[in-house]
Structure formats: structure tokens, C-alpha cells
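Undergrad: Sharing a structure with you now.
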Amino acid sequence: MPDENPPNQVPRLVLTWLVVGLPLIYGLSQTVRGVVPLFTG
Amino acid sequence: MPLSFLDREHTVAPPGFSRWLIPPAALAIHLCIGQVYATSVYKNALVAHFGSSLTAVGVIFSVAIVMLGLSAAVMGTWVERVGPRRAMFTAACFWGAGFLVGALGIATRQLWLVYLGYGLIGGIGLGIGYISPVSTLIKWFPDRPGLATGMAIMGFGGGAMVASPLSRQLMSLYDPAYDPADTASVASGGAVASLFVTLGIAYFAVMMLGVFTVKVPAPGWAPAGFDPSAVAARPMVSTAHVSAASAIRTPQFWLLWTVLFCNVTAGIGILEQAAPMIQDFFRQGGTSTVAAATAAGFVALLSLFNMLGRFVWSSTSDVIGRKPTYVMYLGGGMVLYLLLTVAGHTSTAVFVLVAVVILSFYGGGFATVPAYLRDLFGTYQVGAIHGRLLTAWSAAGIAGPLIINGFLDARGTPGELVAADYRPALLTMVGVLAVGFVANALVRPVASRFHEPVDDGGPVAAGATSPGVGPAAEPRTGPAAEQPATKE
């Protein structure tokens, strides 16, 4: 069976990746802020 | 069975289902359970609230990690049988309930309830949750299993990154007197109880996204353009299946157990004492040239590379192969630990650079091992085998700190030492990595006597590289048919 990607799955893909991606970006940005003193301190 | 929509047969993907929905489903689980590595955020608050010692509060984390290993080992076969959706749902219930029972323990000042809630109940959720998406990811990504499991297990590393700052902000919301920017500020017990309730509910909700998104591939499904023979032709990739019960009787399982144990033990050697270690390495005349804030930045950088290593190195293993990847983790780790011992004190740049690469190897070791197991034992019960292998993590969690703290305690107090005091511990880690290196070198394809019987028509033999689901795609019991070849 081919690995199709019907258009009606795009909103679901966007939503699910956003739900996990946004917290991950938040965590990453907070960590990078924590790293800054290593290079400035 | 109640809640039958959770059953494996009700989660088979319809034609055209995008496999790229599976990684976020797995991430939804791992991002939540990764919170277990953010417990230091409220540790001091619990010590003050219960009027107990750091050790007594630390037991909460220890119980959770031990339960992670135990439940992953014991429940692995069940997870394989019921499928990812029921397993994820069960993990969400345990993890969420663990927080709520823990909150009750904090609110009523009953520390044993926190042990029972977060430690025991939550720990079961950790173990089931950790292994629940692994087998499914490998079946959806037969062409890139390292990338797929790397994404999920990266989420476990990322979970603490999300939970730490989020917890501080929530505690400051529940306790206005608490200042998250002030390291000396301690939140009230009530704020921590409220935090636990909030996290329990929020994590349950996010994990439900994974529950309702995850699906298993239909029998015979393969990604477009995927050539199973190309994967099967690679060195050290088996086309046979080995059950979890058989796997633990193979030398390969115990060699990989040793590999994981050594890699994790060595990584913990740095993680355990990261902040005082960088200050001690650059101490002259009793004063360190590295400030506390800089040391904290170093710890944050380590966690960043620990997370990135999971994704980057595990994905790389799809290209260079699993065994060479562990040669890099263990052999490269030995060189880097030696470099740290000999030249780590010469400049902070050298120290930081070497340490972050070591930590990236530590994270990579976790993320690459499911794909290594798939290569050796096939997809049949790879999740259950992975669960049993995770006991190496629990064992390393005890051995790593014991080794590093044992050596350092003999020299004085971390935070008041100098670089030379770390040499015995670091050189011991070189030895630990050497043991792992030898174990990895000894890994050979699994002997055919451990393989599961295959269907007469032979399609099951391709199951290791052509994913499937349900009985039709799994090895059947009965007289063994001709065994597929395994190569190195």
C-alpha cells in the first residue's frame, strides 16, 4: 500500500505537532536562556 | 474487555494514514513522563514542607526510577500484546494518578503517600509509557528506526526542559512569595501540591492526544519506495524474530545490557556532579574562576546536548549502522574522558566541549538501543525486549553515582576540590566504557535456535523489515520452518 497523505490529515498533523512542538520550543528557549551565563559569565 | 476502542485491533491505520502522526503521539507521552528529571525544582520546597532530609525527599525520585525499570521489564510483553493505545492510556492513568496521590500526600503532610503516589504509581506509568510507543514507531519507520525512536526518546530528555521552568512559573503563581529567579527562595508545600494537581491533569490531557492519535500499521503496510531487501542486506540486521522470553537467554541481550549499563554509568559520572565539577576543575588557591551562574549554564548546556544527542546520533545510526554507532559512543567516550582527565583543566572551552560531546553520547545511547534491538531480534517483541533491557538503566542509576561519589567523598567535598581529585573517578569511567566497548565488539547475530518459527509461505520472515500487526504478521508457534539468514 502506498504511503499517501490525504489533504484532510494536514490539520491533524499541524495540530498534533503544535501540541508537542510548542512546549518543546518553550523548554528549549528557557534552556538556551540558562546557557547564556556560561558564555557571558 | 472494557474500553475496547483501546484494543490493538481497533487501532489499525486506514489506508492513507500519515505515519508522521506517530512521532508526535510518541512525543506526547515522552514529553510528559520526562518530567521525572525535573524533580529538583521542588526538592527544597518538599524538604522544608515535610521537615525531612534531602535524602528522604530524594527517595521519591529513586522509587520512581526503580519502578520505571521494573514495570518496563515486567509489563513489556503485555504492552506488546495489547498494543500502543491501551498501553499509553494505562501509562497516562498511572502517571496522572501518581501526581494526584502525591498532591494528597503533600497536602496532608504524609510523605509515604508521596512515595506511593509519585514514586510507585507514577513510576509504573513511567515504565509503561517509556516503552509503549517504541515498537509501533519501529514498525511505522522500518526505513529509519533510529530516527523514529530518536524523536520519541529525545522527548524524554525534553520533558525535563519543559517541566523545570514551567514548574517554577506555576509555583510562583500559587505562592506569590516564591521568587523563581532567586535560588534561595523556596515555594510553600501548598504551592507544590497545587503544582502536582495541575501537572497531573495537564499531563493526562496531553498523553490522551497520544492515545487517540497512535495507530498501528495494517498488515503488509510499507512506506512508499521502501525496499525491505535493502535493509535486510545491511550488516547485523536480522530478518528473523526473537521473543522476549528467548531474547534474555541470548548472549546478545546481555552484551547489549552491558553496553547500555556502561554508557549510562559513564554519562551519569558527569551529570551527577556537573555544577561543582566545572567549578572544581578551575579552582586556584581555594577560589574557582567559574561562577555559580556559569556552572548552572553549563548544566543547562549538558541537558541540551543530552537531548540533541538522542535525535542526532540515533538518526545517524540509520546510516552508519548500530554497532559502529556504539563504537563511537564507547570508544569516543573513552578518548574524551581521557582528554577531560589530562587536559580538561587547561581551558573552560576544552572542558565544556568535551563534556557536551560525552553527554550527547549518553543521550544517543538511550535512543539508539531500540533500533539495535530491532536489528538483532526483529520487530516481534522488540518493545518487551527493550523494557527488559532498561533494567540496565536502573542498575546504572545506582552504580554511576556510587562510583563518582565514592571517589569524590574520599577526596573531600565536591565544590571544594580541584581537578586532580576527579582523576581516579574519570579514569574509572574510562575503564567502564572499555568494558562496554568490548561487549559491543562481541555482539554477533542471534543464533537461529532462538528464532521464532515462521509461516510456511515465508512472509513472516520479512516482518522484521516489512512491518505488520496482529497475529497474521507475527511468528506462530509450532514446528520451526526454515530459518531466515542473519548477516554481519
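The values are calculated or read from the model by the stated rules, or taken from the named source; none is laboratory data. These numbers were taken from a predicted model, which means no experiment stands behind them. Backbone-built Cβ (ideal geometry, glycine too); neighbour counts: all protein chains shown. Keep in mind that these areas ignore ligands, DNA and RNA; they rest on the heavy atoms of the full protein, side chains included. Shrake-Rupley method; radii C 1.70, N 1.55, O 1.52, S 1.80 Å.
Undergrad: If I fit a long axis through the Cα atoms of helix B:189-213 and take the longest principal axis of the Cα atoms of chain B, what angle between them do I get, 0 to 90°, rounded to 10?
TA: That helix lies at roughly 20 degrees to the long axis.
Undergrad: Report the calculated FRET efficiency for B:R444 and B:A230 (r = Cβ-Cβ distance, R0 = 30 Å), to the nearest 0.05. Intermediate results must be reported in sequence, preceding the final value.
TA: Numbers: r = 22 Å, r/R0 = 0.73.
After rounding, the FRET efficiency stands at 0.85.
Undergrad: How do B:R144, B:R81 stack up against each other in accessible area, from largest to smallest, with a 1.4 angstrom probe? Display every interim value, and only then the final one.
TA: Numbers: B:R144 85, B:R81 160 Å².
The most accessible residue leads, giving B:R81, B:R144.
Undergrad: Would you kindly compute the Cα radius of gyration of segment B:231-448 and its largest Cα-Cα separation (Dmax), both in Å?
TA: Spelled out, the Cα radius of gyration and Dmax of segment B:231-448 are 18.3, 63 Å.
Undergrad: Can I ask one more? Give me the percent of Cα-Cα pairs in segment B:16-216 that sit more than 22 Å apart, rounded to a whole number. Please list the in-between numbers first.
TA: Details: 9093 of 20100 pairs.
More than 22 Å apart: 45 percent of the Cα pairs in segment B:16-216.
Undergrad: Also, quick follow-up: Counting pairwise Cα distances across the protein assembly as shown, what percent come out greater than 31 angstrom? List each step's numbers first, then the result.
TA: Working: 63063 of 139656 pairs.
Roughly 45 percent, rounded to a whole number.
Undergrad: While we're looking at this one, here's another question. Can you give the convex hull volume of the alpha carbon atoms of chain B per residue, in Å³? Could you put the intermediate results ahead of the total?
TA: On the way: hull volume 66.2 nm³, N = 488.
Normalising the Cα hull of chain B by residue number yields 136 Å³.
Undergrad: What figure in square angstrom, to the nearest 10, would you give for the accessible area of B:F351 with a 1.4 Å probe?
TA: We get 0 Å² for B:F351.
Undergrad: Given the protein chains as shown and a 1.4 Å probe, how many square angstrom of B:M334 are accessible, to the nearest 10?
TA: Surface open to solvent at B:M334 totals about 50 Å².
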